[in-house]
Amino acid sequence: MNAFNRLLSSAAIGLAVSVSSFAAHAETPANMLVIAHRIDDITTIDPAESFEFAGSDISRNVYDRLVYLDPTDLEAGYKPQHAESWEVSEDGRTITFTMREGVTFQSGNPVRAEDAAFSLQRAVILDKTPAFILTQFGFTPDNVAETIKADGNKLMITTDQKYATSFVLNCLTATIGAIVDKETVMANEVDGDMGNEWLKTNSAGSGPYKLDSWKPNESVTLSSNPDYYGGAPAMERVIVRHVLESASQRLLLERGDIDIARNLNPEDIAGASAAEGVVIADELKGRLMYLALNQKHPELSKPEVRQAFKYLIDYEGMRDSFLKGQYTIHQNFLPQTYLGASDENPFSYDIEKAKALLAEAGVEDLEIEIGVREAQERIEIGQSFQNAAAQAGITVNITVGTAAQILGRYRARELDVYLGAWGPDYPDPQTNAGTFAYNPDNSDEANATGLLAWRNSWDTGGLTEMVEAAVTEGDRDTRVQMYQDIQAQFRETSPFVVMFQQIEQSALRDNVMNWSTGQAVTSAAYWQVTK
Amino acid sequence: MSLPPWLKTTLVTLGSIAVTMLGLLFITFIIGRVMPIDPVLAIVGERASQSTYDAVFQELGLDKPLIVQFGYYIWDVVRLDFGTSLLNARPVAEDIARVFPATLELATLGIFFGIVLGVPLGVLAAVRKGSWIDQIARVVALVGYSMPIFWLGLMGLLIFYGILGWVGGPGRVGIFYVDVVPSVTGMILVDSILDRNWDVFKDAFSHIILPSALLGYYSLAYISRMTRSFMLEQLSSEYVTTARVKGMSEWDVVWKHAFKNIRVQLITVIALSYANLLEGSVLTEIIFSWPGIGSYITTALLSADMNAVLGGTVVVGLIFILLNIFSDLLYKVFDPRAR
């Protein structure tokens with residue numbers, strides 16, 4: 001649905017609501033949470049493979065981990081979950097976890113160190129998309145038997161070098177750190193797949209919920225785990241319904257047929273906020289919107305041109321118009337709420353300054369192609385940039401395509417400029433530092449398609465070494481300062497124009513308490529919700 | 001040795017189905033392969049390493065020559081194996097078996113409304129040509145043709161669900177009735193009848209009535225205009241004048257003579273309308289959160305899930321072919337000249 005249609009439908013609903021009131025709304029049962037959400041990105045429920053937003057929500061509520069992020073106290077960082085405590089060896093390479101006693105899986109099997117070891121080994125051996133979160137510590141299918149091992153109630157993991165303990169533990173809070181029930185999973189193994197096929201659509205966890213059903217593009221149903229070690233959740237059943245259309249989500253919410261609407265557009269947020277019994281909850285999320293300039297382009301690689309582009313963005317204009325409420329201005333690669341995040345936003349919309357910088361670089365009649373994925377907000381950002389660039393004498397040709405079309409060219413270093421979004425993979429600053437500011441081999445042959453710096457052919461000029469140093473720094477405060485320094489240099493020299501950080505706006509019935517979408521660092525949690 | 005006529009007809013029909021299907025498969029396969037979409041990227045995501053990418057590339061058989069891939073594809077389709085959805089890792093055939101009944105249920109009720117209201121309206125408009133009834137029929141059809149379906153759907157939801165509370169909201173059933181009746185046919189109305197669970201039936205009916213009425217309205221617009229046009233042609237024929245001169249009642253003239261002669265044309269119109277509805281109305285399905293084949297194919301296309309797209313397209317193509325054959329059979333029933 002295009003912007004006009006979206007506006008028309010929201011306006012029509014707004015008009016009708018203003019002249020009439022909804023019929024007395026129904027209520028969902030007190031022990032049931034019903035959420036409308038777009039869940040068509042779920043491809044698998046297996047935590048060793050799942051790497052999408054909606055899938056991570058399910059995983060967070062179905063599986064527990066060694067350490068976790070408490071949705072009621074996210075600022076505290078990681079806390080013990082099934083690992084009661086841990087010790088770090090003198091050389092900083094081995095962490096020994098002591099497992100919590102008396103915890104069981106939903107199957108009734110006890111949660112053992114052996115299960116935790118199996119889960120991490122399995123993720124490394126399967127080598128699915130998110131495996132890099134673990135393999136970056138030097139774990140390989142060949143060495144996991146030695147580097148990740150259980151001994152009674154203890155679990156030992158040994159990394160290939162010393163890393164900041166916070167880095168390792170933060171990674172273990174990610175979806176891939178989920179502990180699966182070894183007995184149940186292996187009972188469903190087919191052709192040596194370590195239960196991967198079965199776990200795609202079933203769950204074997206020890207979390208507060210178990211998966212009842214996942215119907216692709218239709219719904220996810222969870223039921224509570226009455227024996228959960230942290231206490232049975234108040235919401236005994238959680239139903240996540242796939243409702244694609246914002247106006248439909250709003251109607252369902254205002255009628256009281258759902259408790260939470262997670263994908264309302266700005267017009268419907270404005271409308272719903274005025275409705276009786278509905279409140280809006282804002283949370284900063286990890287997604288960043290950015291422009292990236294390909295450094296293979298002879299003009300775009302000039303430092304003045306890189307600077308000029310940062311003045312060609314109408315940050316405030318976009319934030320206050322079509323991005324209203326959905327994004328905030330942010331010009332650093334670490335999202336706010338992350339360790340080491342910076343709130344320095346030095347660039348503003350300044351055509352004259354951009355012109356002067358372009359003149360200084362000797363750039364005239366520049367014509368570039370910008371690749372944009374076919375999402376409304378991105379197209380509108382692209383058009384805003386196109387207008388601003390035209391005023392500075394730059395012709396911008398926008399190529400709109402599907403995610404796969406545009407990403408394919410971006411990864412192949414073919415686009416002049418890419419307008420895209422990036423979300424962190426795990427709640428540690430390395431997740432973004434290691435892709436925006438890290439590129440040890442800038443050659444085509446390196447084919448490091450996972451690194452954003454490589455995709456834009458950017459030799460980071462010393463930042464790579466700074467990132468490597470920060471990831472091994474044991475002192476938390478020093479580490480924070482290191483990321484601040486990296487970002488200060490990144491803002492000035494990088495070919496990335498980081499523009500916005502996402503705000504997720506959930507519309508809730510006003511009896512829903514303790515709702516958390518996990519901020520920038522993690523996913524939504526249901527077990528602490530009450531009504 | 002000459003074949004018996006019935007066998008010859010059957011063989012010709014089967015042959016034409018096979019050739020059409022082969023053509024359809026060829027076109028869908030080629031489209032699937034030449035589209036500038038990377039199915040591997042759709043699976044592994046943008047952050048995957050090159051080794052993960054390469055492993056999936058080989059797993060999908062994309063390293064083999066196109067002709068070999070097409071051969072595998074034909075062989076799989078013959079066995080009703082459309083492969084695994086690249087995105088949700090389930091067999092596409094299983095997915096289609098889940099979403100198609102939802103569309104079938106919706107489309108069947110929709111075409112029912114379209115026929116029951118559209119045909120009499122068209123006949124009446126022809127018989128009372130130029131009268132206020134004809135004008136109303138014209139306006140109804142015009143609105144049906146020109147109103148954006150998403151707007152009409154949202155307005156319907158707002159008024160009948162949001163304000164009046166007469167019908168159920170988006171989705172096939174309310175949250176209390178999810179998975180309550182066992183899925184036998186996949187059509188909740190039918191399954192609830194089989195299970196004799198009238199609460200579920202009532203709830204499902206309250207959810208389907210609005211989207212099916214909306215689809216029915218669009219069919220009605222087309223069917224009524226075509227019926228009017230066919231009837232006008234018949235009513236101006238000499239045999240109708242003769243019947244009237246002979247003193248036959250107007251009812252008999254219209255329904256026993258004129259209408260009888262438009263049945264064959266009407267069958268084609270209705271079959272095409274039904275096929276269009278069975279193809280799935282994407283916007284209706286999106287607005288009403290109806291997990292049908294239209295939104296399934298669209299979502300798959302946007303996600304580069306080509307197995308799902310090809311599987312869905314083959315099924316839709318098959319529906320068109322079968323409805324054409326069914327129309328041909330009905331021609332023979334209603335028109336002796338076609339036997």
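The values are calculated or read from the model by the stated rules, or taken from the named source; none is laboratory data. Bear in mind that the values here come from a model prediction, so they are computed numbers and not experimental data. Every residue, glycine among them, receives a Cβ derived from its backbone with ideal geometry; neighbour counts consider all protein chains shown.
Quick check on residue B:98: is it part of a helix (DSSP H, G or I) and in contact with a strand residue (DSSP E or B) (Cβ under 9 Å, 6 or more places away or on another chain)? Here the answer is yes, as residue B:98 does meet what is asked.
Would it be correct to say that residue A:309 is surrounded by 19 or more Cβ atoms within 10 Å (Cβ to Cβ), within 22 Å of the chain's Cα centre (by Cα) and either at pLDDT 95 or above or at positive phi (or both)? It is false that residue A:309 is surrounded by 19 or more Cβ atoms within 10 Å (Cβ to Cβ), within 22 Å of the chain's Cα centre (by Cα) and either at pLDDT 95 or above or at positive phi (or both). Restricted to the stretch A:139-231, the set of helices (runs of 4 or more DSSP H) holding at least 1 residues that are without any contact (Cβ under 8 Å) to a residue 40 or more places away in the chain and within 14 Å of chain B (Cβ to nearest Cβ) comprises A:196-199. The residue that is surrounded by the fewest Cβ atoms within 10 Å (Cβ to Cβ), among those in the stretch A:313-329 that are more than 14 Å from residue A:265 (Cα to Cα) and of a type in the set (Ser, Thr, Tyr), is A:328. When you look at residue A:265, is it among the polar types (S, T, N, Q) and at pLDDT below 90, yes or no? For residue A:265, the condition - among the polar types (S, T, N, Q) and at pLDDT below 90 - is met.
Within the stretch B:78-96, residues that are away from chain A (no Cβ under 14 Å) sit with their Cβ atoms under 9 Å from residues that are of a type in the set (D, E, K, R) and crowded, with 19+ Cβ neighbours inside 10 Å, at 6+ positions apart or across chains, in these pairs: B:82/B:95. Selection of the stretch A:62-79 for residues being closer than 23 Å to residue A:227 by Cα and in contact with a Leu (Cβ under 8 Å, 6 or more places away or on another chain) yields A:62, A:65, A:66, A:67, A:79. For the stretch B:228-249, the condition of being of a type in the set (A, V, I, L, M), away from chain A (no Cβ under 14 Å) and within 19 Å of the chain's Cα centre (by Cα) holds for none of the residues. For the stretch A:238-260, indicate whether the set of residues that are away from every other protein chain (no Cβ under 13 Å), part of a loop (DSSP other than H, G, I, E, B) and either within 21 Å of residue A:326 (Cβ to Cβ) or in contact with a Cys (Cβ under 9 Å, 6 or more places away or on another chain) (or both) is non-empty. Taking every residue of the stretch A:238-260 in turn, none turns out to be away from every other protein chain (no Cβ under 13 Å), part of a loop (DSSP other than H, G, I, E, B) and either within 21 Å of residue A:326 (Cβ to Cβ) or in contact with a Cys (Cβ under 9 Å, 6 or more places away or on another chain) (or both). Restricting B:329, B:272, B:283 to residues that are in a helix (DSSP H, G or I), at pLDDT 85 or above and farther than 29 Å from residue B:57 by Cβ narrows the list to B:272. Within this structure, residue A:116 passes the test of being touching a His at 6+ places or on another chain (Cβ under 9 Å), touching a residue at least 24 places away in the same chain (Cβ under 8 Å) and in a helix (DSSP H, G or I). Note on the stretch A:389-416: residues that are more than 13 Å from every other protein chain (Cβ to nearest Cβ), outside any strand (DSSP E or B) and surrounded by fewer than 20 Cβ atoms within 10 Å (Cβ to Cβ) total 4. Any idea which of A:374, A:445, A:364 is modelled with pLDDT under 95, acidic (Asp, Glu) and either under 19 Å from the mean Cα position of the chain (by Cα) or under 24 Å from residue B:50 (Cα atoms) (or both)? Just one listed residue meets the conditions, A:445. Among the residues of the stretch B:180-191, is there at least one that is surrounded by fewer than 17 Cβ atoms within 10 Å (Cβ to Cβ) and under 28 Å from residue B:267 (Cβ atoms)? Yes, some residue in the stretch B:180-191 is surrounded by fewer than 17 Cβ atoms within 10 Å (Cβ to Cβ) and under 28 Å from residue B:267 (Cβ atoms).
Here is a yes/no grid of residues against (1) more than 10 Å from chain A (Cβ to nearest Cβ); (2) more than 22 Å from the chain's Cα centre (by Cα); (3) assigned to a loop (DSSP other than H, G, I, E, B); (4) not hydrophobic (A, V, I, L, M, F, W, C):
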site	(1), (2), (3), (4)
B:104	yes, no, no, no
B:134	yes, yes, no, yes
B:161	no, yes, no, yes
B:165	no, yes, yes, yes
